[in-house]
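Each value in this text was obtained by applying a stated rule to the coordinates, not by laboratory testing. Keep in mind the model is a prediction, meaning the values are calculated, not measured. No Cβ is skipped: glycine too gets one built from the backbone with ideal geometry, and neighbour counts run over all protein chains shown.
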């Protein structure tokens, strides 16, 4: 798993909360949190790294550039305490049903027999 520094994590959290933000808005937010490590070049490097890693997406050019959180992947860290502190009826779900496609992303997790047993279940016709 890729480890990001505190500033990069703050950018991710900011975009997860705001959904979309300009570079200038991100710079202002980071300047408040990290007064001594917030140069434009440093933040652009952080944004470039997060884009290359697929954590955020960049659209537009120059002053019209907007960054958007790419969403959670199955390998992202989840704050388990915060998740379970919310009443189950009030939790925000990513999918209405369990994502059965996750199995293809998890290499070596199941034996061939387990895969066959899961495949034999009629999971797709009984949502």
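Each peptide in 8-18, 30-40, 44-54 was scored by the mean count of other Cβ atoms within 10 Å over its residues; highest first, the order is 8-18, 44-54, 30-40. By other beta-carbon atoms within 10 Å, ranking 28, 91 with the fewest at the front produces 91, 28. With both labels modelled 7 Å from their Cα along Cα-to-Cβ, the residue 48 to residue 81 distance reads 3.7 nm.
The ellipsoid that matches the Cα gyration tensor of segment 1-42 has semi-axes, each √(5λ) in whole angstrom, of 15, 14, 8, with the longest given first.
One decimal place: the segment residue 18-residue 89 gains 23.2 nm when fully extended, by the rule 0.36 nm per residue minus the C-alpha distance.
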